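Undergrad: Just passing along the structure, written as structure tokens.
The values are calculated or read from the model by the stated rules, or taken from the named source; none is laboratory data. Computed from a predicted model, the values in this text were never measured in an experiment. Neighbour counts run over all protein chains shown; Cβ positions are idealised from the backbone, glycine included. Quick note on the areas: whole protein, heavy atoms, side chains included, nothing else; ligands and nucleic acids left out. Shrake-Rupley method; radii C 1.70, N 1.55, O 1.52, S 1.80 Å.
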Amino acid sequence: QAAQNGQSTVHFFDPQTQENASARALLERNIKAGLAMSEFVLYYQPQVEKSNFIGAEVLLRWRHGEVFVSPDKFISTAEQSNLILPLGNWVLHQACKQLAQWAERSETAHLTLSVNISPKQFKHAQFVDTVVQAIANTGAPARQLIIELTESMLFEDIDSAIARISALRAHGVGFSLDDFGMGYSSLSDLQRLPLTELKIDRSFIRDIQHNAHDARMVRSIISLGHSMGLQVIAEGVETQAQIDYLIDSGCMRWQGYFIGKPQPIAHLEQLMQEHITFSFRGSQP
Ligand code: C2E
Ligand code: MG
Ligand code: MG
Ligand code: MG
């Protein structure tokens with residue numbers, strides 16, 4: 001009956017309730033059933049380089065009954081229960097299918113998709129094989145796939161992280177360090193990682209105009225990234241003033257509500273269609 005009533009469904013995902021083991025077990029069962037019943041959908045948030053669309057970030061949504069559940073409400077439970085493995089695999093396959101479809105048309109062949117990968121997926125012994133298989137099974141162009149990782153999952157065991165990333169870089173897959181600036185990366189470790197992109201965390205962008213510390217931080221991250229030969233992209237861009245500051249600081253790539261919210265694929269394609277110029281994302285370093 002929860003599915004018929006948005007209110008009580010939402011209640012299941014209250015983080016406080018999640019502390020409760022039986023509530024978590026229920027959420028786990030719901031995620032499993034949701035996978036079987038195709039309740040998960042991918043939303044796509046456009047990414048631009050100045051005024052050109054270069055690709056999108058893939059963001060998972062769960063249509064559970066009447067409500068759209070956001071990833072913050074279920075990813076950590078999926079992660080704790082290992083359900084993130086089938087769920088994450090599904091996300092990867094869907095994204096690769098989309099890339100294969102885009103590759104068929106010259107207007108969309110340059111577009112990239114960025115996929116978020118959780119710590120458990122990344123550390124799994126089959127991680128590299130899983131990605132290689134998703135690419136092979138779908139015929140996706142590996143160069144258009146970007147995997148988003150976060151700092152915390154890289155530095156625990158940096159040697160094995162380097163090995164995993166390198167193995168997939170050899171296929172052409174790109175790697176972005178998501179939410180950059182929030183973790184504790186040492187610069188020497190950071191240099192060892194064969195990444196292709198830094199993504200500046202939304203929290204630094206938010207008050208860029210009013211907070212001199214954040215503004216300096218953003219500028220430092222941009223120069224750091226560029227000095228390492230990486231692409232730099234900002235997330236959470238909501239205003240023209242933020243864009244002006246980014247351009248002035250040398251960062252030409254961003255995503256955020258100002259350009260477009262995460263949206264169904266048909267909406268994204270329409271948005272891009274309405275836009276005349278398509279740009280080439282540029283070869284990954
Ligand atoms: P993230 O990867 O850092 O994704 C960016 C989040 O910021 C998204 O939240 C997006 O909707 C939101 N966002 C984008 N632009 C703006 C903006 O201009 N303003 C504001 N206020 N927010 C903006 P979302 O979709 O709720 O995802 C939350 C987190 O859940 C993601 O953070 C990511 O860590 C995780 N996640 C999402 N999809 C997946 C997935 O398929 N697999 C895994 N493992 N994690 C995922
Ligand atoms: Mg992300
Ligand atoms: Mg992010
Ligand atoms: Mg973030």
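Undergrad: Of all residues in the range 201-224, which are touching a Leu at 6+ places or on another chain (Cβ under 9 Å) and either of a type in the set (Lys, Arg) or within 16 Å of ligand 2 (Cβ to nearest atom) (or both)?
TA: Just the residues of the range 201-224 that are touching a Leu at 6+ places or on another chain (Cβ under 9 Å), to begin with: 205, 208, 218, 221-222, 224.
205, 221 - these are the residues of the range 201-224 that are touching a Leu at 6+ places or on another chain (Cβ under 9 Å) and either of a type in the set (Lys, Arg) or within 16 Å of ligand 2 (Cβ to nearest atom) (or both).
Undergrad: Picking from 238, 274, which residue would you name as being surrounded by fewer than 17 Cβ atoms within 10 Å (Cβ to Cβ), more than 16 Å from ligand 1 (Cβ to nearest atom), acidic (Asp, Glu) and within 26 Å of residue 59 (Cα to Cα)? Walk me through it before giving the result.
TA: Values: 238 fails: more than 16 Å from ligand 1 (Cβ to nearest atom).
Of 238, 274, the one residue that is surrounded by fewer than 17 Cβ atoms within 10 Å (Cβ to Cβ), more than 16 Å from ligand 1 (Cβ to nearest atom), acidic (Asp, Glu) and within 26 Å of residue 59 (Cα to Cα) is 274.
Undergrad: To continue, here is another question. Could you grab me the full set of residues in the range 241-270 that are open to solvent by 60 Å² or more (accessible area, probe 1.4 Å), part of a loop (DSSP other than H, G, I, E, B) and touching a Phe, Trp or Tyr at 6+ places or on another chain (Cβ under 9 Å)?
TA: 261
Undergrad: Being modelled with pLDDT of 95 or more, in a helix (DSSP H, G or I) and farther than 15 Å from residue 168 by Cα is the requirement here; does residue 92 meet it? Quick ask: steps written out before the conclusion?
TA: On the way: modelled with pLDDT of 95 or more: yes; in a helix (DSSP H, G or I): yes; farther than 15 Å from residue 168 by Cα: no.
So residue 92 does not fit the description; no.
Undergrad: Would you confirm whether any residue within the range 152-170 is among the polar types (S, T, N, Q), modelled with pLDDT of 95 or more and within 30 Å of residue 39 (Cβ to Cβ)?
TA: no
Undergrad: Something else about it: Here's a check for you: in the range 99-108, which residue that is over 23 Å from residue 235 (Cα atoms) and of a type in the set (A, V, I, L, M) is surrounded by the fewest Cβ atoms within 10 Å (Cβ to Cβ)?
TA: Of all residues in the range 99-108, those over 23 Å from residue 235 (Cα atoms) come to 100-107.
Going one step further and asking which of them are of a type in the set (A, V, I, L, M), we end up with 100, 103.
Working: 100: 16, 103: 18.
Among them, the one singled out is 100.
Undergrad: So, in the range 169-227, how many residues would count as being among the polar types (S, T, N, Q), open to solvent by 30 Å² or more (accessible area, probe 1.4 Å) and under 18 Å from residue 250 (Cα atoms)?
TA: Final tally of qualifying residues: 4.
Undergrad: Just checking: which of the helices (runs of 4 or more DSSP H) contained wholly in the range 135-197 hold 3 or more residues that are out of contact with any helix residue (DSSP H, G or I) (no Cβ under 7 Å at 6 or more places or on another chain), more than 14 Å from ligand 2 (Cβ to nearest atom) and not aromatic (Phe, Trp, Tyr)?
TA: Here the list reads 158-169, 187-192.
Undergrad: Inside the range 75-85, can you point out the residues that are at pLDDT 95 or above and out of contact with any helix residue (DSSP H, G or I) (no Cβ under 6 Å at 6 or more places or on another chain)?
TA: Those that are at pLDDT 95 or above and out of contact with any helix residue (DSSP H, G or I) (no Cβ under 6 Å at 6 or more places or on another chain): 75, 85.
Undergrad: Inside the range 157-210, can you point out the residues that are within 16 Å of ligand 3 (Cβ to nearest atom) and polar (S, T, N, Q)?
TA: Result: 176, 185, 196, 203.
Undergrad: So residue 41 clears everything in (1) within 10 Å of ligand 1 (Cβ to nearest atom); (2) under 21 Å from residue 266 (Cβ atoms) except one condition, right? Which one?
TA: Result: residue 41 fails condition (1) only.
Undergrad: Could you say whether any residue in the range 58-70 is among the hydroxyl-bearing types (Ser, Thr, Tyr), more than 13 Å from ligand 1 (Cβ to nearest atom) and at pLDDT below 95? Break it down stepwise before answering.
TA: Taking the range 58-70 first, the residues among the hydroxyl-bearing types (Ser, Thr, Tyr) are 70.
Those left that are additionally more than 13 Å from ligand 1 (Cβ to nearest atom): none.
Checked against the condition, which is being among the hydroxyl-bearing types (Ser, Thr, Tyr), more than 13 Å from ligand 1 (Cβ to nearest atom) and at pLDDT below 95, the range 58-70 yields no hits at all.
Undergrad: If you don't mind, another one. Among the residues in the range 127-149, are any of a type outside the set (A, V, I, L, M), open to solvent by less than 10 Å² (accessible area, probe 1.4 Å) and in contact with an Asp or Glu (Cβ under 8 Å, 6 or more places away or on another chain)?
TA: Yes.
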